[in-house]
């Protein structure tokens, strides 16, 4: 029986599941948005929100207690192996969510994947920075429109 077992097994061994979610969490914080299956996305949301909460704890720790800040970073580095992503998490993402009590990520359902009919979803950070497109293309389009007139 699986009474009170909260982990989703996803037909994977424990080591495979752990490695997969470590990679997915790293990608989520790096790109701030990823596309995955619905069940993996739900589990990813649980894991990533705990990590963001851990990073937010560093904001309230005074500077003279550096060992506590270091402990939080080392706990996060169990999941995220890329130092650049950890720095982004602690310096950029955690301060963005300073006032938010929870619910740092959202899931959008996309429909079913054509190959195997798996339900797909987009997992993204709520206060995601908008990616600006280059203005070169828009200026070129404006010039072309002026020429047509």
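The values are calculated or read from the model by the stated rules, or taken from the named source; none is laboratory data. For clarity, every value in this text was computed on a predicted model and none was experimentally measured. Reconstructed Cβ throughout: ideal geometry from the backbone, glycine too, with neighbour counts over all protein chains shown.
Scanning segment 1-38 for residues that are under 18 Å from residue 109 (Cα atoms) and surrounded by 14 or more Cβ atoms within 10 Å (Cβ to Cβ) yields 24, 28, 32, 33, 34, 36, 37, 38. Determine, yes or no, whether residue 8 is in a loop (DSSP other than H, G, I, E, B), closer than 15 Å to residue 126 by Cα, touching a residue at least 12 places away in the same chain (Cβ under 8 Å) and over 14 Å from the mean Cα position of the chain (by Cα). Here the answer is no, as residue 8 does not meet what is asked.
Taken over segment 55-97, the residue count meeting the criterion of being outside any helix (DSSP H, G or I) and surrounded by 12 or more Cβ atoms within 10 Å (Cβ to Cβ) is 6. Of the residues making up segment 11-48, those that are assigned to a helix (DSSP H, G or I) and touching a strand residue (DSSP E or B) at 6+ places or on another chain (Cβ under 6 Å) are 27, 28, 38, 41, 44, 45, 48. Here is the figure for segment 61-102: residues that are more than 15 Å from the chain's Cα centre (by Cα) and in contact (Cβ under 8 Å) with a residue 40 or more places away in the chain total 1.
Yes/no per residue for (1) in contact with a helix residue (DSSP H, G or I) (Cβ under 9 Å, 6 or more places away or on another chain); (2) exposed (fewer than 10 other Cβ atoms within 10 Å of the Cβ); (3) at pLDDT 95 or above:
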residue	(1), (2), (3)
115	no, yes, no
124	yes, no, yes
129	yes, no, no
132	no, yes, no
139	no, no, no
144	no, yes, no
148	no, yes, no
